[in-house]
Amino acid sequence: MTEVEANLIQALFLSLLSGTGVFLHGVREERIKASSLNLLTEWVLAVLAGLTAYYIARHKAWDDSLLYLAVLVVSNNGREVSTALKNRLIEAIQFLFGPKGGRG
């Protein structure tokens, strides 16, 4: 197994662990219903956010310790990060094509 593969597996594990923590904390605070679908949702959000942080950190050639810190912080806030990325992507698309489909 290469170093990159090992780092990716560790990032995935940290993202899943973080998603589980967010789910359990939400259940305890009664803002998330305890169900397998909600757990799966938190895992997906955490993994998407964690992988985003992983690839950005790899692209910027951060040390492994900073890479894992970024994965933990971002995957712990997966819902907020996903929303922020979606909003930025929409803004970029609207900038390129304009709000009505062209630069008019």
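Each peptide in 57-70, 7-20 gets a packing score, the mean of other Cβ atoms within 10 Å over its residues, and the list from highest to lowest is 7-20, 57-70. What the chain shows is 71 Å² of accessible area per residue, with the surface traced by a 1.4 Å probe over protein heavy atoms. Relative to the current alpha-carbon distance between residue 61 and residue 16, full extension at 0.36 nm per residue lengthens the span by 13.9 nm.
A Förster distance of 22 Å, applied to the separation of the beta-carbon atoms of residue 93 and residue 69, puts the FRET efficiency at 0.10. For the range 1-67, relative contact order (Cα pairs under 8 Å, six or more residues apart, normalised by length) works out to 36 percent.
Expressed as a whole percent, the accessible area of the chain that falls on carbon and sulfur atoms is 65 (1.4 Å probe). Convex hull of alpha carbon positions in the chain: directionally averaged projected area 8.8 nm². Karplus-derived 3J(HN,Hα) values for the range 3-17, using 6.51 cos²θ - 1.76 cosθ + 1.60 with θ = phi - 60°, are 5, 5, 5, 5, 5, 5, 5, 5, 5, 5, 4, 5, 5, 5, 4 Hz; glycine and proline are entered as x.
The values are calculated or read from the model by the stated rules, or taken from the named source; none is laboratory data. For clarity, every value in this text was computed on a predicted model and none was experimentally measured. Positions of Cβ are backbone-derived with ideal geometry, glycine not excepted, and every protein chain shown enters the neighbour counts. We work out accessible area using only protein heavy atoms, side chains counted, and drop any ligands, DNA or RNA first. Shrake-Rupley method; radii C 1.70, N 1.55, O 1.52, S 1.80 Å.
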